[in-house]
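Engineer: Got a structure for you, written out below as structure tokens; questions coming shortly.
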Amino acid sequence: TQLLEQSPQFLSIQEGENLTVYCNSSSVFSSLQWYRQEPGEGPVLLVTVVTGGEVKKLKRLTFQFGDARKDSSLHITAAQPGDTGLYLCAGDWSGTYKYIFGTGTRLKVLA
Amino acid sequence: EAGVAQSPRYKIIEKRQSVAFWCNPISGHATLYWYQQILGQGPKLLIQFQNNGVVDDSQLPKDRFSAERLKGVDSTLKIQPAKLEDSAVYLCASTLGGYSYNEQFFGPGTRLTVL
């Protein structure tokens with residue numbers, strides 16, 4: 001059974017601080033997605049990474065896919081209260097575009 | 001473009017009762033997923049449909065859970081009988097399908113509490 005471990009599990013920071021969230025597995029991904037989920041809503045896709053070593057930026061969010069395609073990170077610069085939510089990574093091992101979700105990182109940004 | 005619709009939003013039942021959830025995906029989306037999300041965890045795939053056929057139901061507890069997708073559009077997920085450990089949010093998602101890295105569009109979920 002493939003597992004996606006995310007760390008940290010919880011993170012509470014002040015507005016303006018930087019943070020990094022990690023997603024790790026012992027298996028190689030064909031592709032990996034990051035989602036953000038707010039209370040009472042479904043997850044919303046932030047980015048899909050495909051190539052080992054790939055870096056994608058979305059405003060203040062930077063996503064990196066590990067060279068070996070076994071891990072990924074999400075870095076947020078100058079966090080804002082609107083960044084608060086549950087961040088989920090989802091990996092596709094088999095190339096079937098069926099994603100298995102990680103354990104999640106719950107982020108709270110205090111004003 | 002209308003999003004994925006789910007109903008009801010909340011449901012409270014006693015253990016051993018039955019419950020059904022409904023999902024209407026985005027128009028034209030061929031692939032539909034049902035996920036179970038237990039509090040504090042990531043979503044776990046229960047079943048995946050491609051049009052009205054089942055692609056993967058390996059993690060669906062078939063002794064108590066069932067799902068169908070009529071005419072390749074709407075879908076229902078049923079639990080009979082419910083157990084305490086079924087308390088969770090049930091999410092429906094849809095994608096266009098095909099062979100691209102599809103974005104899954106999620107509905108708001110149905111929060112089930114089993115007492």
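The values are calculated or read from the model by the stated rules, or taken from the named source; none is laboratory data. As the structure is a prediction and not an experimental result, all values here were calculated from the model. Positions of Cβ are generated from backbone atoms using ideal geometry, with glycine treated the same way; all protein chains shown enter the neighbour counts.
Engineer: It is to be established whether one or more residues within the stretch A:44-57 are within 14 Å of chain B (Cβ to nearest Cβ), crowded, with 16+ Cβ neighbours inside 10 Å and outside any strand (DSSP E or B).
Structural biologist: Yes, because at least one residue in the stretch A:44-57 is within 14 Å of chain B (Cβ to nearest Cβ), crowded, with 16+ Cβ neighbours inside 10 Å and outside any strand (DSSP E or B).
Engineer: Please determine whether any residue of the stretch B:24-43 is surrounded by fewer than 17 Cβ atoms within 10 Å (Cβ to Cβ), in contact with an Asp or Glu (Cβ under 9 Å, 6 or more places away or on another chain) and in contact (Cβ under 8 Å) with a residue 40 or more places away in the chain.
Structural biologist: The answer is yes; a qualifying residue exists.
Engineer: Then there is this: Kindly indicate whether B:SER18 is over 13 Å from the mean Cα position of the chain (by Cα), hydroxyl-bearing (Ser, Thr, Tyr) and closer than 18 Å to A:ILE100 by Cβ.
Structural biologist: So B:SER18 does not fit the description; no.
Engineer: So, one more: So which residues in the stretch A:24-43 are of a type outside the set (A, V, I, L, M), over 22 Å from A:ALA78 (Cβ atoms) and surrounded by 13 or more Cβ atoms within 10 Å (Cβ to Cβ), if there are any at all?
Structural biologist: Of everything in the stretch A:24-43, those that are of a type outside the set (A, V, I, L, M), over 22 Å from A:ALA78 (Cβ atoms) and surrounded by 13 or more Cβ atoms within 10 Å (Cβ to Cβ) turn out to be A:ASN24, A:SER25, A:SER27, A:PHE29, A:SER30, A:SER31, A:GLN33, A:GLU41, A:GLY42, A:PRO43.
Engineer: In the stretch A:84-99, which residue that is surrounded by fewer than 22 Cβ atoms within 10 Å (Cβ to Cβ) and either at pLDDT 90 or above or out of contact with any strand residue (DSSP E or B) (no Cβ under 9 Å at 6 or more places or on another chain) (or both) is farthest from the other protein chains (Cβ to nearest Cβ)?
Structural biologist: It comes out as A:THR84.
Engineer: Restricting attention to the stretch A:68-81, and to residues there that are at pLDDT 95 or above and over 13 Å from the mean Cα position of the chain (by Cα), which single residue is farthest from the other protein chains (Cβ to nearest Cβ)?
Structural biologist: A:ALA78
Engineer: May I pose another question? May I ask you to verify whether B:VAL89 is crowded, with 17+ Cβ neighbours inside 10 Å and among the hydrophobic types (A, V, I, L, M, F, W, C)?
Structural biologist: Yes, satisfied.
Engineer: Let me ask you something else. Collect the residues in the stretch A:1-34 that are hydroxyl-bearing (Ser, Thr, Tyr) and part of a strand (DSSP E or B), keeping them in residue-number order.
Structural biologist: Listed by number, the residues that qualify are A:SER7, A:SER12, A:THR20, A:TYR22, A:SER31.
Engineer: Moving to a separate point now. Checking A:LEU110 against (1) among the hydrophobic types (A, V, I, L, M, F, W, C); (2) at pLDDT 95 or above; (3) touching a Pro at 6+ places or on another chain (Cβ under 9 Å); (4) buried (at least 20 other Cβ atoms within 10 Å of the Cβ), which single condition isn't satisfied?
Structural biologist: Just one mismatch for A:LEU110, condition (4).
Engineer: Specify the residue that is farthest from the other protein chains (Cβ to nearest Cβ); the eligible residues are those in the stretch B:92-115 that are exposed (fewer than 15 other Cβ atoms within 10 Å of the Cβ) and modelled with pLDDT of 90 or more.
Structural biologist: Ranking the candidates gives B:LEU115 first.
Engineer: Return yes when B:LEU84 is touching a Ser or Thr at 6+ places or on another chain (Cβ under 9 Å) and among the hydrophobic types (A, V, I, L, M, F, W, C) and no when it is not.
Structural biologist: no
Engineer: Of these, A:LEU61, A:LEU32, A:LEU45, A:LEU86, which one is aliphatic (A, V, I, L, M) and in contact with a helix residue (DSSP H, G or I) (Cβ under 9 Å, 6 or more places away or on another chain)?
Structural biologist: A:LEU61
Engineer: Kindly establish whether B:GLN17 is of a type outside the set (A, V, I, L, M), out of contact with any helix residue (DSSP H, G or I) (no Cβ under 8 Å at 6 or more places or on another chain) and facing another protein chain (nearest Cβ under 9 Å).
Structural biologist: Here the answer is no, as B:GLN17 does not meet what is asked.
Engineer: Tell me whether the stretch A:68-77 contains one or more residues that are surrounded by fewer than 19 Cβ atoms within 10 Å (Cβ to Cβ), farther than 27 Å from B:LEU46 by Cβ and touching a strand residue (DSSP E or B) at 6+ places or on another chain (Cβ under 7 Å).
Structural biologist: Yes, the stretch A:68-77 contains at least one residue that is surrounded by fewer than 19 Cβ atoms within 10 Å (Cβ to Cβ), farther than 27 Å from B:LEU46 by Cβ and touching a strand residue (DSSP E or B) at 6+ places or on another chain (Cβ under 7 Å).
Engineer: Enumerate the strands (runs of 3 or more DSSP E) found wholly within the stretch B:1-104, keeping only those where 2 or more residues are within 26 Å of A:VAL50 (Cα to Cα).
Structural biologist: Correct list: B:31-37, B:44-50, B:53-56, B:88-95.
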